[in-house]
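Read through the structure below, which is laid out as structure tokens, and then see the notes.
The values are calculated or read from the model by the stated rules, or taken from the named source; none is laboratory data. Keep in mind that what you see is a predicted model, and the values were worked out from it rather than measured. Cβ: placed from backbone, ideal geometry, glycine included. Neighbour counts: every protein chain shown. Accessible surface areas use protein heavy atoms only, side chains included; no ligands, DNA or RNA. Shrake-Rupley method; radii C 1.70, N 1.55, O 1.52, S 1.80 Å.
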Amino acid sequence: MKDLYNQDYIVTGICADGYARVIGASTRNLTQKMLEIHNTSPVASAALGRLLTGAVLMSSQLKNDTDSITLQIKCNGPIGGLIAVSDAHGNVRGYCQNPHVDLPLRESDGKLDVSGAVGVGVLNVMKDLGLKEPYNGTVELLTGEIAEDLSYYLISSEQVPSVVALGVLVIPSDAPCGYEIAAAGGYMIQLMPGAPESLIDALEQRVAGFLPVTMMLNAGATITEVCEDLLRGLDFQVQQEIPCGYNCNCSKERMEKALVSIGKAELTAIADEDHGAEIVCHFCNTRYRFEEADLRKMLE
Ligand SMILES: [Zn+2]
């Protein structure tokens, strides 16, 4: 087995005579890292983990070092809003407004109530592809379960018929918080231009009748094997496998720029009144301390 299969990775390929693009991602480790950074509750772990996985899947369309995709959910549910940002190299980061949201398991199926935590709202997708203006698209949330919302966005806003499946499996453990991520991952199948209309229905049916992705990953399958199984008989061909992970790109220099951008008057006030500033990165909780002398230097 390749070393890559022991870590999180993205697999890309094609199927159905090249009429469909396939992207899969195993994201257990990066979701666990998210849990440890943000102390997410089980339901917040599922919600944010799914969004991070969605951002990882979408990142396969990025090419340049500075390209990025931001998935943001603005919603009225108790989780208060979520954001995930990915780049062209499989790095992803994110946070949610209320990581400690606690809801009972859903009565109908005994699962974590992600849609209950999210509520009603919109999904905004921003793609920074190095052009003058970033690409921006917004759709109303269809279910708040995130996978359906993402496929609805792809179909209605980008006109790409897509099937998306995302999953995060949270299990009890002896970790201090009492639980851990056992498996996480997902896949996205998209029709290429010229594909027969009937293909998306066939793919949707196959996905609907397929085992949950986390169940297969938890049983030891790689995400490549999950895609092979799902697309059996449809000529699935792997093109690329690359690692992915939870990595923040913050630095003291970036935080300094953010401080400078608030303006001279504001910065002077902070120097005069607070004699320094501390900025915490939302994505990774790293603290950056700026002394009064640092602020005075920026003001010059
Ligand atoms: Zn950071």
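If the condition is being open to solvent by less than 20 Å² (accessible area, probe 1.4 Å) and either free of Cβ contacts under 8 Å to residues at least 60 places away in the same chain or not assigned by TED's automatic domain parsing to the domain that holds Ala20 (or both), then the stretch 218-231 contributes only Leu230.
One residue alone among Leu234, Leu199 is in a helix (DSSP H, G or I) and either in the same structural domain as Glu148 (by TED's automatic domain parsing) or at pLDDT 95 or above (or both), and that residue is Leu199. Could you please let me know if Arg93 is touching a Cys at 6+ places or on another chain (Cβ under 6 Å) and not aliphatic (A, V, I, L, M)? It is true that Arg93 is touching a Cys at 6+ places or on another chain (Cβ under 6 Å) and not aliphatic (A, V, I, L, M). Pairs are defined by a Cβ separation below 8 Å, a sequence spacing of at least 6 or placement on different chains, a first member in the stretch 92-106 that is in contact (Cβ under 8 Å) with a residue 60 or more places away in the chain and outside the structural domain of Val118 (by TED's automatic domain parsing), and a second member that is open to solvent by less than 50 Å² (accessible area, probe 1.4 Å) and within 16 Å of the ligand (Cβ to nearest atom); no pair meets this definition.
Within the stretch 253-283, the set of residues being open to solvent by 80 Å² or more (accessible area, probe 1.4 Å), within 16 Å of the ligand (Cβ to nearest atom) and not in a loop (DSSP other than H, G, I, E, B) comprises Glu253, Arg254, Lys257, Glu278. Per the listing Thr222, Thr286, the residue uniquely of a type in the set (Ser, Thr, Tyr), within 16 Å of the ligand (Cβ to nearest atom) and at pLDDT 90 or above is Thr286. Taking the stretch 28-37, which residues are out of contact with any Cys (no Cβ under 7 Å at 6 or more places or on another chain), touching a residue at least 12 places away in the same chain (Cβ under 8 Å) and not basic (Lys, Arg)? Hits for the stretch 28-37 are Asn29, Thr31, Gln32, Met34, Leu35.
From the set of residues in the stretch 3-29 that are more than 28 Å from Pro161 (Cα to Cα) and part of a helix (DSSP H, G or I), which is farthest from the chain's Cα centre (by Cα)? The qualifying residue farthest from the chain's Cα centre (by Cα) is Asp3. Here Val170 meets each of (1) more than 16 Å from the chain's Cα centre (by Cα); (2) under 21 Å from Asp113 (Cα atoms); (3) among the aliphatic types (A, V, I, L, M); (4) open to solvent by 40 Å² or more (accessible area, probe 1.4 Å) with one exception, condition (4). Only a single item in (1) more than 16 Å from the ligand (Cβ to nearest atom); (2) farther than 19 Å from Leu52 by Cα is not met by Met215, and it is number (2). Can you confirm whether the stretch 201-217 contains a residue that is open to solvent by 70 Å² or more (accessible area, probe 1.4 Å), in contact with a Phe, Trp or Tyr (Cβ under 9 Å, 6 or more places away or on another chain), among the acidic types (Asp, Glu) and touching a residue at least 40 places away in the same chain (Cβ under 8 Å)? So far as the stretch 201-217 goes, no, none of its residues is open to solvent by 70 Å² or more (accessible area, probe 1.4 Å), in contact with a Phe, Trp or Tyr (Cβ under 9 Å, 6 or more places away or on another chain), among the acidic types (Asp, Glu) and touching a residue at least 40 places away in the same chain (Cβ under 8 Å). Would you mind stating whether Ser45 is among the hydroxyl-bearing types (Ser, Thr, Tyr), within 22 Å of Val122 (Cβ to Cβ) and in a helix (DSSP H, G or I)? When the stated conditions are applied, Ser45 does not pass them. Condition first: within 30 Å of Gln32 (Cβ to Cβ) and open to solvent by 90 Å² or more (accessible area, probe 1.4 Å). Now tell me which residues in the stretch 284-300 satisfy that. Matches in the stretch 284-300: Arg287, Arg289.
When the stretch 122-175 is filtered for residues that are at positive phi and in a strand (DSSP E or B), nothing remains.
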